[in-house]
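Here's the structure we're looking at; comments come further down.
FYI, it's all coordinate maths here, none of it is from the lab. Since the model is a prediction, treat every value here as computed from it, not as a measurement. Note: ideal-geometry Cβ built from the backbone for every residue, glycine included; neighbour counts use all protein chains shown.
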Amino acid sequence: MSPRLATHHGRPQNINNIIDGHANLKMVWPRNGDTGQCAPNVQQEAFISAPHKSVGLLGGAGAGKTTCGAMGGLDNAFFNKDSLFLIMARDYDMLKNVQWKALKEVINWWERVNRVPLVVHYSDFKMRMKLINGTEIICKTAKDISRVQGLQAQTIWCDEFPTWDDQFHAWREIYQRLRPTASGQRLKIFWTATPKGRYGITALLEEKAQAEIADRVHVSAHQTLSEVVNDGFCRIETATTDNLAQDPAYAESLKSILSPEEYEQDVGGKIRMVRGSVFGGVFSPIHNARTYRFNPSHSFRLVVDHGANYPYAAIIARDFDADGEARDTTIDEFTENDIRGVNEIITWGLTRMKHWGIAKMHGVWPDPDAQYKKENSLLAAEFRCPVWAFSDRKHRSVTWGTGLVKARLQDARGRRHLFVARHLLREPQNTSASGRGVLRGYMTQEWAEKRTSLNFMEELVDDWKDQPATHAMDAHRYYCSHEFQFMNPDGTLGNRGQMVVYK
């Protein structure tokens with residue numbers, strides 16, 4: 001369900017609940033049988049009305065999670081007179097641009113449909129609101145979790161929690177804030193997110209909601225509502241395609257930028273394991289290796305990881321497959337050890353261009369860290385082409401770019417667009433146990449994890465620093481994360497945000 005919520009016409013719904021001058025107003029949402037195309041579906045309705053103290057909605061991108069979070073939070077906020085509704089997000093930008101925006105849109109829609117005002121005061125600057133039943137709404141971020149200490153909230157809504165830092169600490173702090181201030185209050189906390197692996201708060205929700213309800217609600221012949229309950233915890237899974245307000249073409253478009261495993265997670269809303277081998281599920285030494293024959297019509301790119309002691313560089317050739325989609329093949333590698341500085345890479349690159357007959361590089365994609373500004377400027381000057389680098393830290397994260405590399409190796413449609421030239425499979429950097437070639441990286445790279453509690457609070461850790469195959473993977477990650485589309489936490493698509501170009 002997107003913020004495009006209501007198309008009701010005619011008389012307002014029979015709310016029959018204005019008591020003591022609006023002091024205790026009950027939220028009434030349209031049901032599937034009501035007029036209007038954007039009524040909640042079975043999963044969304046179950047999330048909003050679930051009787052459990054803690055309710056999690058794990059859904060695909062664009063499945064309506066944020067709108068449902070606003071609906072569920074408001075529903076409980078109007079049940080509790082003179083209460084506190086606390087909204088939590090990863091950071092200020094997400095609060096302002098996602099949750100606060102969704103909250104206002106849901107309220108505007110409800111007022112328009114039911115012809116009853118809900119808000120007596122609000123401040124966009126402070127992101128605070130007071131409802132007609134006396135409930136206060138305030139917003140805080142997980143980045144500054146200490147600011148919620150001392151609050152007593154009866155309704156809490158946490159959005160996109162898998163992207164938060166230190167999730168175990170946030171979980172404990174948030175649950176300590178859920179306290180009654182008067183008799184008869186209903187305490188509820190709503191968790192909404194696209195799962196990002198079986199770790200953090202997602203792992204806790206899975207652990208605490210284990211027993212499946214016997215009479216599962218059937219959505220259609222091939223879809224079921226996965227609702228599990230234990231000790232006041234409920235977990236509901238919903239897919240992007242379950243959202244009747246979402247264009248079906250959106251989920252289809254994501255197949256080309258997500259690997260099969262990540263498509264199940266980011267579109268299907270399923271919790272998937274992300275430990276162990278990083279590329280094992282998508283890389284095939286048979287299907288991702290191809291014989292490369294030089295063609296001057298191809299465009300050529302240089303990718304570079306400067307590295308602390310073990311820099312890496314590769315030349316990638318770009319052509320197009322039978323469907324007209326871009327196809328990239330790594331055709332040459334630099335893997336010399338104990339090299340400090342970029343001059344050796346420049347010399348190697350110019351020499352290999354002559355060897356292959358490459359007249360000009362289309363571009364260079366290097367380590368974007370600010371400490372390499374001088375090196376990246378030298379690359380631009382020597383190769384006489386743009387050098388691309390993201391300035392925004394989130395665009396440089398390991399998990400961000402790795403997902404795109406996986407999708408290029410094999411996307412959710414089963415198509416492959418990232419290859420290794422077959423002749424490199426026989427080179428020492430890919431046959432030696434200590435080799436640093438790209439094939440070694442695809443074959444051996446693994447996620448590490450650390451345990452920060454006894455409740456399966458496991459977080460992915462980047463332990464790749466200066467491992468043999470690390471730098472090849474980093475270089476290809478820089479390239480893919482700069483060159484191709486990515487998906488934001490709210491499900492929107494974007495590319496090349498906050499890009500620095502050295503020329």
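From the Cα gyration tensor of the range 232-296, with a ≥ b ≥ c the square roots of its eigenvalues, which class applies: rounded if a/c is under 1.5, or else prolate if a/b is larger than b/c, or else oblate? Judged from the Cα gyration tensor, the range 232-296 comes out oblate (a/c at least 1.5, b/c at or above a/b).
Quote the convex hull volume per residue of the range 105-166, based on C-alpha atoms, as a whole number of Å³. Write out the running numbers ahead of the final one.
Numbers: hull volume 7.6 nm³, N = 62.
Per-residue hull volume (Cα only) is 122 Å³.
Which of the residue pairs Lys126/Lys373; Lys143/Lys374; Lys101/Lys196 have a Cα-Cα distance greater than 27 Å in the structure shown?
Violating the 27 Å limit, Cα to Cα: Lys126/Lys373; Lys143/Lys374.
State whether the range 42-260 is rounded, prolate or oblate according to the following rule on the C-alpha gyration tensor (a ≥ b ≥ c being the square roots of its eigenvalues): a/c under 1.5 gives rounded; otherwise a/b larger than b/c gives prolate, and the remaining case gives oblate. Because its axes are fairly even, with a/c under 1.5, the range 42-260 counts as rounded. Each of Thr192, Met71, Leu86 was placed along the dipole of the range 42-260 (beta-carbon charges, centred on the mean Cα), and the one lying farthest toward the positive end is Leu86. Taking square-rooted eigenvalues a ≥ b ≥ c of the alpha carbon gyration tensor, is the range 309-447 rounded, prolate or oblate, where a/c under 1.5 means rounded and, failing that, a/b exceeding b/c means prolate? Cα axes put the range 309-447 in the rounded bin.
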